[in-house]
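> Here you go, one structure.
The values are calculated or read from the model by the stated rules, or taken from the named source; none is laboratory data. All of these numbers come straight from a predicted model, not from anything done at the bench. Cβ atoms come from the backbone with ideal geometry, glycine included; neighbour counts cover every protein chain shown. With ligands, DNA and RNA removed, areas are computed over all heavy atoms of the protein, side chains included. Shrake-Rupley method; radii C 1.70, N 1.55, O 1.52, S 1.80 Å.
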Amino acid sequence: MATKKTSESKEKNVKKILYVSSEIAPFSKIGGLGDVVGSLPAAICKAGADVRVLTPAYGAANGKGGVLDTVRSLKNSLRKVTLPVVVALGGIPVYCTIYETEIDGVITWFIECPDFFSETIYPFSVDSYSIRPFILLSLAALELYRAVKWVPDVFHCHDWPTAILPIALEWHNHYSQLYNHSKSVFTIHNLAHQGVFKPEDFFYQTGIDKNCFNPNGIEFYNSINLLKGAIIACKSITTVSPNYASEIQTYEGGVGLDGVLRTHSAKLTGILNGIDVDYWNPETDKSIVSPYSADDLSGKRINRSELIKKCSWEDDDRPLVVCVSRLVEQKGFDLILPVIPRLAESGARFIFLGSGSSNIEDGLSYAQQIHLDEIKFFKGYDEELAHLIYSGGDMFLMPSLFEPCGLSQMISMRYGTVPIARAVGGLADTVIDVDSGNSSNGFLFHYYAQDSMMRAIARAIDFFADNAKWVELMKRGMLTDFTWNRSALSYLDIYNRI
């Protein structure tokens, strides 16, 4: 019955959706947001909607360089849209060039404006001047129809850099009238980043009615909070896992906005992210040494040997615990670094890949020097090496303080690398502990504490000794459905409902 209703809804209401995002993989990816916008629109198109994307062409000028050249390097054709998009910032017209391409069946528009979209995506600090690129992006999305002759039914915005768009739909004197039939959906990928700054000349730049600067609008302790404004202004809020949707409504997980989210809980939905299972596929992955599948795991052993060789180690059959991550406290490194000596004595080897906080980078570099045969740190990010680590590891360590969804645990399971994770956010929605029986696919710990993490690692190392049980655990993870298909239908239902 439910399936039939969804199908009928799709037939009657084929929606036009514009995704507006500061990132899109693989062209301007910083984190999970880029991955989502790089893959979810294609899944929603397949589910029956007309989805298109608007995102900045960072580092491009006169149609060359930066993101645009990356698009061309991946054999995507680019067409310059004849008409520019013109946005008024503080009463001054800003002319933007639009380039159009098609990616996985999704029409994608890149907005070029060199004075605003340089090589750097996010500002070092947030104020009314540093956010001007995001003001331009949000308002350009509302002016785009003049150039492309296409008007969306729904604007789907992502995180605080595009929060100005739903705010403008609600409180801008011009756009609130122009788009009185269009709705906005706002996805929170990480509540910790909110776009908070002093008002200064924000209202003059944007044309947004300054009367919305109040506790029931975008005001937050005498500052502007863009994320708060979007939560209030949009017609539907989504976040990236069901568990995270619950967590952010609590004092502990709400980062100051739990009360606002509880007030608007009727329009809040947690939808679990997926991954691009064609890109992350051990059967076809050209970045790994040997392909493999759940039916034939022999190639994984070959990749494991190659990873050990990359670390300049000899294979002594100790399990490889790997971690591909941004090196920030959120990811649990304040648990990892103090117990490096215990990790080195645990009976496993540990491989880290990532960049971020200099303190964490220095800590891992020092750990590698002290424990040459147990700890390996690859500083920076190397996509090909990441694939080898996912495919060659035995276990994937993810002891996050908070994790809205997490994609790494899904990718690691797809490659038969069993996750060891804290039961928080999307990790709790995707990783099922071995003590749960035949549906299990990993190891969980609940308390954010060093001893809790170490016990989970010890359990995994003990379990690894039973090869038959370990192979069953690997296969269950590899066969888990992490596609976007189910999530796409959930988003489509929201679009139709609003």
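> With a 1.4 Å probe and all protein chains left in place, how much accessible area per residue does the chain have, in Å²? Numbers along the way, then the final one.
On the way: 20920 Å² over 498 residues.
Normalised by residue count, the accessible surface of the chain is 42 Å².
> Could you tell me what percent of the accessible area of the chain is made up of carbon and sulfur, with a 1.4 Å probe and every protein chain present? Kindly include the intermediate steps, with their values, before the conclusion.
Numbers: 10410 of 20920 Å².
Using a 1.4 Å probe with all protein chains present, the chain comes out at 50 percent carbon and sulfur.
> Rounded, prolate or oblate: which one fits the stretch 238-361, using the alpha carbon gyration tensor with axes a ≥ b ≥ c (rounded when a/c is under 1.5, else prolate when a/b beats b/c, else oblate)? Show your work: numbers first, answer last.
Details: a/c = 3.06, a/b = 1.58, b/c = 1.94.
Oblate, since a/c reaches 1.5 and b/c is not below a/b.
> If ligands, DNA and RNA are left out, what is the accessible area of Glu102 with a 1.4 Å probe, given in Å² to the nearest 10?
110
> Then there's this: Give me the accessible area of Leu337, 1.4 Å probe, in Å² rounded to the nearest 10.
Per-residue accessible area (Leu337): approximately 50 Å².
> For the stretch 370-473, give me the percentage of DSSP beta bridges that are antiparallel, rounded to the nearest 5 percent.
On the way: 0 of 8 bridges.
Here the antiparallel bridges make up roughly 0 percent for the stretch 370-473.
> Enter the accessible area of Val81 (Å², nearest 10), with the probe set to 1.4 Å and all protein chains included.
Accessible area, nearest 10 Å²: 10 Å².
> Return the percentage of antiparallel bridges among DSSP beta bridges fully within the chain, rounded to the nearest 5 %. Display every interim value, and only then the final one.
On the way: 20 of 67 bridges.
Counting DSSP beta bridges with both partners in the chain, the antiparallel share is about 30 percent.
> Just want to confirm a number: the relative contact order over the chain, from Cα pairs under 8 angstrom separated by 6+ residues, in percent.
On the way: 971 pairs, mean separation 62.7, N = 498.
Rounded, it is 13 percent for the chain.
> Could you tell me the center-to-center distance, by alpha carbons, between the stretch 134-183 and the stretch 254-285 in angstrom?
Here the two parts' Cα centres lie 22 Å apart.
> Hey, could you get me the Stokes-Einstein D for the stretch 345-498, Kirkwood radius over alpha-carbon pairs, 4 °C and 1.567 mPa s, rounded to whole µm² s⁻¹? Mind showing how you got there, number by number?
On the way: Rh = 16.8 Å.
Translational D for this selection: 77 µm²/s.
> Run the helix sum for the chain: -39,500 (n - 2.57) per DSSP H stretch of 4+ residues, divided by residue count, reported at 222 nm to the nearest 500 deg cm²/dmol. Mind dumping the intermediate values first?
Values: 21 runs with 186 residues, N = 498.
Using -39500 (n - 2.57) per qualifying helix, the result is -10500 deg cm²/dmol.
> Cβ neighbours within 10 Å, averaged per peptide: list 122-132, 167-177 in order, most packed at the top. Mind showing how you got there, number by number?
Numbers: 122-132: 14.8, 167-177: 19.6.
So the order, starting with the most tightly packed, is 167-177, 122-132.
> Let a ≥ b ≥ c be the square roots of the eigenvalues of the Cα gyration tensor of the stretch 289-330; is it rounded (a/c under 1.5), or, if not, prolate (a/b larger than b/c) or oblate? If you can, show how the numbers build up before the last one.
Values: a/c = 2.38, a/b = 1.44, b/c = 1.65.
Verdict is oblate for the stretch 289-330.
> Something else now. Sorting Glu314, Glu374 by accessible area (1.4 Å probe), largest first, what list results?
Numbers: Glu314 150, Glu374 40 Å².
Output order, biggest surface exposure first: Glu314, Glu374.
> How would you order 231-237, 92-98, 133-139, 298-304 from highest to lowest mean count of nearby Cβ atoms within 10 Å?
133-139, 231-237, 298-304, 92-98
> By how many degrees, 0 to 90 and rounded to 10, does the Cα axis of helix 467-478 deviate from the longest principal axis of the chain?
Roughly 10 degrees between the two axes.
> Please state the shape class of the chain: rounded when a/c is under 1.5, otherwise prolate if a/b exceeds b/c and oblate if not, all from the C-alpha gyration tensor.
Values: a/c = 1.73, a/b = 1.69, b/c = 1.03.
Note, shape of the chain comes out prolate.
> Once you've got the Cα coordinates, tell me which of Lys300/Lys469; Lys16/Lys198; Lys267/Lys331; Lys29/Lys379; Lys331/Lys376 are over 26 Å apart. Write down the numbers at each step before the final one.
Numbers: Lys300/Lys469 17 Å; Lys16/Lys198 35 Å; Lys267/Lys331 29 Å; Lys29/Lys379 18 Å; Lys331/Lys376 18 Å.
Too far apart for the 26 Å limit: Lys16/Lys198; Lys267/Lys331.
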